[in-house]
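**Student:** Please read through the structure below; I'll follow up with questions.
The values are calculated or read from the model by the stated rules, or taken from the named source; none is laboratory data. This one's a predicted model, so the numbers in the text were calculated from it and none came from an experiment. Cβ coordinates were reconstructed from backbone atoms using ideal geometry, including for glycine residues, and neighbour counts include every protein chain displayed. All accessible areas refer to the heavy atoms of the entire protein, side chains included, with ligands and DNA or RNA removed. Shrake-Rupley method; radii C 1.70, N 1.55, O 1.52, S 1.80 Å.
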There are 2 protein chains.
Amino acid sequence: MITGKNYIGNLLSSIGNKTFKTFNPQTNLENEFVFSEASNVEIEQATELATEAFQKFQKVTGAKKCEFLNEIANEIENLGDELIKTYCSETGLPEGRALGERDRTVFQLRSFANLVKEGSWVEAVIDTADPNRQPIPKVDIRKMLIPLGPVVVFGASNFPLAYSTAGGDTAAAFAAGCPVIVKSHPMHAGTGELVASAIIKAAEKTGMPNGVFSNLNSSGIEVGVSLVKHPAVKAVGFTGSIRGGRALYDMAAQRSEPIPVFAEMGSINPVVILPNAAKIKGTDWAKTYAGSITLGSGQFCTNPGLILGIKNDDLSSFIKVLSEEIVKIEPSCMLHPNIIGNYENNKAKMLAQKGLETKATLDKELSANYGRQAITTVEGATFLANTNLHQEVFGPYSMIVQCENIAQLEEIISKLEGQLTGTILAENELENYGSIVDALQNRVGRIIFNGVPTGVEVCPAMVHGGPYPASTDSRFTAVGTESIKRWVRPFSFQSWPNELLPNELKNENPLGILRVVDGKRTNSNI
Amino acid sequence: MITGKNYIGNLLSSIGNKTFKTFNPQTNLENEFVFSEASNVEIEQATELATEAFQKFQKVTGAKKCEFLNEIANEIENLGDELIKTYCSETGLPEGRALGERDRTVFQLRSFANLVKEGSWVEAVIDTADPNRQPIPKVDIRKMLIPLGPVVVFGASNFPLAYSTAGGDTAAAFAAGCPVIVKSHPMHAGTGELVASAIIKAAEKTGMPNGVFSNLNSSGIEVGVSLVKHPAVKAVGFTGSIRGGRALYDMAAQRSEPIPVFAEMGSINPVVILPNAAKIKGTDWAKTYAGSITLGSGQFCTNPGLILGIKNDDLSSFIKVLSEEIVKIEPSCMLHPNIIGNYENNKAKMLAQKGLETKATLDKELSANYGRQAITTVEGATFLANTNLHQEVFGPYSMIVQCENIAQLEEIISKLEGQLTGTILAENELENYGSIVDALQNRVGRIIFNGVPTGVEVCPAMVHGGPYPASTDSRFTAVGTESIKRWVRPFSFQSWPNELLPNELKNENPLGILRVVDGKRTNSNI
């Protein structure tokens, strides 16, 4: 079923000269399929089709978009074993993870399907006219959210399904009414093509315009750069490294018409273990965190890479147990030789920093591409003085900072870059550490009490984002139905004839959506 | 009452060496007061105070922020005649305009006061825990909007009150919980200081933290540049020229921590006069537009600078009447010699373009600084071929493009840069021009039927913004209470103890706000 070609709208295409293969980190061998990298001609075709498709797609009703999104979910499920096998062969991740991520992906698609079917997400606001107002009459103004235009989505290495081809960015963009061009991630181009085929099938079945979706292969940066700079592209979604996300952000900002880039980037997800928690629950937390740090070989944006505590016997004991527990955990395969290569390099750079002590590292021999977990410690003053220690080590690694006192701990938090999450472990003491909570809130998008940061619930209350560099714009989230806001803009109709207004804004409220009419929230007509 | 000093928080300060005066364009003389430009030391003090103030201000209740905003409105009214006289002496605008703009400004402040008092604007979303969910328990997650941090606001030359010191940007930022540092506009520094004094009085009366507001004088660009680059500043609001707004946007994007800039910039606000409208209502529209083009000497962001019609006798007649009517209107004083200088320069550059015909221009002698209205025409093909003709001429000027046919008119619309507004004049024909409406919708933030673009109603349904370069981010509006969204970000609490949550998210819903709880909109407690 995998052809190695690009989807330019509904057609498979491979007119370029560059090819590449994906890699199976479990077997340490290349996979069989040969992928054709998108050429400039294909990029032009995809963007042109997307622009044409936008004219129609932006007017597709919520009910039809709902069908489309649900059908994508169905078609992804219909891919059955082939998808799961391909996923595993391109990531080294276990089948259970593949199945879980597929469930999450179809759940996201169906959540957006429900959102657009119900329809109130457009936030219709109607201020009716008052011809008798003094000193001048009041005009009729009606507002709703409309789509931005074609969106480019970059697949993420660590989530081939949930944050890639038909992941949250794409589902949100389709729900908004934006065509999507995916720059497929080269590490899982086969998984990408299968999911792309599901989207194309769904688009054809539900009568979506050709060009509503394209999937472009690429092993390097050129295709992505061309897309972000292309005048037809109106927004960009990205999940990945700070270096990659920042490069795209800079390119988009330098365009003659700048466009929004929502990049969800790295994070070390600080965890604060308060004194009582270390004393009373230190052992439990150590065991729990050994699991959280090594989950998925630490290849999560929300991996807890930094643990902050007050230097005392309780913290020493927490470190001891964590170190003992983490080496008991079976190492797992990482996504790609490049990923494990970066992990080992970044870990080595970190270990070379003055004052860093290694507390746990695995001695035994491992299969190729298996990640060797590690725990290190450092003094608070050393951490403060050396920002190299603040960087992310993407993999099963965490560093415990032993702070002299609470003031130093607070100072460390305030000096951190923006983070996706912050966690506080506390036992009947949280109310005494208000300034720690405040400092952490200031640096993160989500704050967690007595838990682990890994595991991002897909629900309307979720914020997956945060101050830079956790994301390029803290005003949006990448997870949850609110993530649709990244791809829409408010638009006002003034004195517009009722019969020519979109259904969302007509007097009759034919969709029965919730609107704000003259300041009152109502489902009624006018 | 005017001291010429900066407000660094609650204290007047003038330690710098640079000074400047404002100018009265009606008398063509400098005004008496000497303003002290903010020094680097004062910039540091203001940003440091703002950072400190943010720690407290972000926790101030909606009820207290309501008091603060209402008190600012009261104190602005209390400035009485002195404010109106200063306004007129620094702008050349008539007293009626000053009074109207003051009313608009206090209305905006009171609208935001009501918004934060009611409290539901934080968009609280609560997804409660489900410990029995399979395969893993569901955690409790609660989200609300929280302020970004200190905001820098640039005063606008053409709205000394409504878009300056205590204008929409500032009111929205205070409502959000963000301290504000205003870079006062040098053309109306006296008006700015008076309004700043009202804000400071209100802050002291209602117990707001020192540093919640500062007002910095500056005649050049240095103070603004320092502020936008300052690490303590978390967002920027600007109303003005494309050149100025883009420069700030670029600076903010190039910071090591990029920050959002909402710049509302120039626009030529295209107006389409459809064939029947030109035939049946041409004369009426010509008279109406003569007024709209010259209103406030054309010094509005929403001034109609471009009129598109189909070349025929009806359009010729429209042009003739518009040209006759516009010269009957008494010219008015422009804001400043620099503004009229730019107007005359830009008009001259425009008139030098090949194919442009002048249809109306005033022959009589005018007082210094009075703007000379002008109407020009050009063929559709000429307009398409020369993007110099697409630029804004800020002043009482408009150009009519005589298109060969509807296809050309549509092509012209699709080639325009982003605009604040687009207007369609039609008589029982709008339903036949769907593609014109679509093309226009794609380029603008607000679309108007049978009206004029000037006059921006302050109401929740208003969008004042639009695709670049109308604004730097079309996903936000500068007018209406929704403009608060520019200065806030979503934030999630996971498994947080109920008693330590903000009131907006507590089970008891002590504020009685509207929340979404497990997918249902409700004012009830949990």
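**Student:** Looking only at other chains, what is the average number of their beta-carbon atoms within 10 angstrom of each beta-carbon in B:445-451? Each step should come with its number before you reach the end.
**Tutor:** Details: counts 5, 7, 6, 7, 9, 4, 3.
What the average comes to for B:445-451 is 6.
**Student:** For B:ASN428, which inter-copy label distances result when the label point lies 7 Å beyond Cα on the Cα-to-Cβ vector, reported in nm to one decimal and in ascending order?
**Tutor:** Nearest to farthest, the other copies are at 8.2 nm.
**Student:** Still on this model: Using a simple spin-label model with points 7 Å from Cα along the Cα→Cβ vector, what separation in nm is obtained for A:GLU95 and A:ARG255?
**Tutor:** 4.3
**Student:** Moving on. With a 1.4 Å probe on protein heavy atoms only, tell me which residues of region B:124-165 lose at least 10 Å² of accessible surface in the complex relative to the chain by itself.
**Tutor:** With the partner chains in place, region B:124-165 has these residues losing at least 10 Å²: B:VAL125, B:ASP127, B:ARG133, B:LYS138, B:VAL139, B:ILE141, B:LYS143, B:ILE146, B:LEU148.
**Student:** Excluding residues fewer than 8 places away in the same chain, name every one of the aspartates and glutamates whose C-alpha is closer than 12 Å to that of A:LYS18.
**Tutor:** Correct list for A:LYS18: A:GLU37, A:GLU222.
**Student:** So, one more: At a 1.4 Å probe radius, which order do A:GLU32, A:GLU257 fall into by accessible area, largest first?
**Tutor:** Numbers: A:GLU32 135, A:GLU257 45 Å².
Sorted descending by solvent-accessible area, the residues read A:GLU32, A:GLU257.
**Student:** Roughly how many Å is it from the Cα centre of region A:417-435 to that of region A:496-526, as a whole number?
**Tutor:** Answer, in whole Å: 44.
**Student:** Order of B:492-502, A:104-114 by packing, highest average Cβ count within 10 Å first? Spell out each step's value before the answer.
**Tutor:** Values: B:492-502: 17.9, A:104-114: 21.6.
Ranking, from highest mean packing down: A:104-114, B:492-502.
**Student:** Considering all projection directions equally, how large on average is the shadow of the alpha-carbon convex hull of chain A, in square nanometres? Before the final figure, lay out the partial values.
**Tutor:** On the way: hull surface 107.7 nm².
Reported value for the Cα convex hull: 26.9 nm².
**Student:** Next question. Separation of region B:436-485 and region B:288-312 by C-alpha centroid, Å?
**Tutor:** If you average the Cα positions of each part, the centres end up 17 Å apart.
**Student:** May I ask you to give the solvent-accessible area per residue for region A:270-449, in square angstrom, as obtained with a 1.4 angstrom probe?
**Tutor:** Numbers: 6810 Å² over 180 residues.
Heavy-atom accessible area per residue stands at 38 Å².
**Student:** Still on this model: Please enumerate, by chain and number, the lysines with C-alpha under 25 Å from the C-alpha of B:LYS56, excluding those fewer than 8 residues away in the same chain.
**Tutor:** The reachable lysines, counting only those whose Cα sits under 25 Å from B:LYS56, are A:LYS415, B:LYS64, B:LYS65, B:LYS117, B:LYS143, B:LYS183, B:LYS201, B:LYS205, B:LYS229, B:LYS234, B:LYS485, B:LYS506.
**Student:** Counting only helical runs of four or more DSSP H residues, what would the 222 nm mean residue ellipticity of chain B come to if each run contributes -39,500 (n - 2.57) and the total is spread over all its residues? Mind dumping the intermediate values first?
**Tutor:** Values: 14 runs with 195 residues, N = 526.
Result for chain B: -12000 deg cm²/dmol, rounded to the nearest 500.
**Student:** Sticking with this structure for a sec: Sorted by accessible area (1.4 Å probe), largest first, how do B:MET1, A:MET208 line up?
**Tutor:** Values: B:MET1 130, A:MET208 15 Å².
Result, largest first: B:MET1, A:MET208.
**Student:** Please report, as a whole percent, how much of the solvent-accessible surface of chain A comes from carbon and sulfur atoms (probe radius 1.4 Å).
**Tutor:** Numbers: 9380 of 18590 Å².
Carbon with sulfur: 50 percent of the solvent-accessible area.
**Student:** At 1.4 Å probe size, with no ligands or nucleic acids counted, give the accessible surface of A:GLU204 in Å², nearest ten.
**Tutor:** Only protein atoms counted, so the area is about 110 Å².
**Student:** Counting only other chains, what is the mean number of Cβ atoms within 10 angstrom of the Cβ of each residue in peptide B:424-430?
**Tutor:** Average neighbour count from other chains, rounded to a whole number: 1.
**Student:** Taking B:LYS520 in one copy and the same position in all the others, each labelled 7 Å out along Cα→Cβ, what are the pairwise distances from the first, in nm, shortest first?
**Tutor:** Spacings between copies for this position, smallest first, are 2.3 nm.
**Student:** Considering only protein heavy atoms, with the full assembly of protein chains and a 1.4 angstrom probe, order B:ASP284, A:ASP140 by accessible area, largest first.
**Tutor:** Solvent-accessible surface, decreasing: B:ASP284, A:ASP140.
**Student:** Take the Cα coordinates of the protein assembly as shown, assign each an equal point scatterer, and use the Debye formula without solvent to give log10 I(q)/I(0) at q = 0.06, 0.08 Å⁻¹.
**Tutor:** The Debye formula, applied to the Cα set alone, gives -0.47, -0.83.
**Student:** Now, a different point. List the distances, in nm to one decimal, from the label point of B:ALA368 to the label points of the same position in every other copy, shortest first, placing each label point 7 Å from Cα along the Cα-to-Cβ direction.
**Tutor:** Spelled out, the distances from B:ALA368's label point are 8.4 nm.
**Student:** Let me ask something else. B:ARG372 accessible area, nearest 10 Å², 1.4 Å probe?
**Tutor:** 60
**Student:** In the full protein assembly as shown, how much of B:LEU514 is accessible to a 1.4 Å probe, in Å² to the nearest 10?
**Tutor:** 30
**Student:** Can you compute the label reach from A:GLU118? Point 7 Å from Cα along the Cβ direction, backbone N cut-off under 20 Å, restricted to region B:502-526.
**Tutor:** Of the residues in region B:502-526, B:505, B:513-526 have backbone N under 20 Å from the label point off A:GLU118.
**Student:** May I pose another question? Mind checking how much accessible area A and B bury in total, 1.4 Å probe, in Å² rounded to 100?
**Tutor:** Working: alone 21560 and 21540 Å², together 37170 Å².
The buried area between A and B, both sides summed, comes to about 5900 Å².
**Student:** How shielded is A:454-467 by partner chains, expressed as the average number of their Cβ atoms within 10 Å of its Cβ atoms? Please list the in-between numbers first.
**Tutor:** Details: counts 0, 3, 2, 8, 0, 10, 8, 18, 7, 10, 2, 4, 4, 6.
Mean shielding count: 6.
**Student:** Name the chain A residue nearest the rotation axis between A and B, going by Cβ position, and give the distance in whole Å.
**Tutor:** A:ALA253, 2
**Student:** While we're here: Can you give me the relative contact order of chain B as a percent, contacts being Cα pairs under 8 Å and 6 or more apart? It would help to have the intermediate numbers written out before the result.
**Tutor:** Values: 1199 pairs, mean separation 90.4, N = 526.
Computed value for chain B: 17 percent relative contact order.
**Student:** Also, I was wondering about something else. What relative contact order, as a whole-number percentage, does region B:387-468 give when Cα pairs under 8 Å and 6 or more residues apart are counted?
**Tutor:** Working: 86 pairs, mean separation 27.2, N = 82.
33 percent.
**Student:** Counting pairs of alpha carbon atoms under 8 Å apart in space and at least six apart in sequence, what relative contact order in percent does region A:330-440 give?
**Tutor:** This gives 23 percent for region A:330-440.
**Student:** Sticking with this structure for a sec: Just tell me which aspartates and glutamates come within less than 15 Å, Cα to Cα, of A:LYS359; anything on the same chain fewer than 8 places away is out.
**Tutor:** Within reach: A:GLU324, A:GLU325, A:GLU379.
**Student:** With a cut-off of 18 Å, note down the residues of region B:450-488 whose backbone N falls inside the zone around a label point 7 Å from the Cα of B:ASN432 toward its beta carbon.
**Tutor:** B:450
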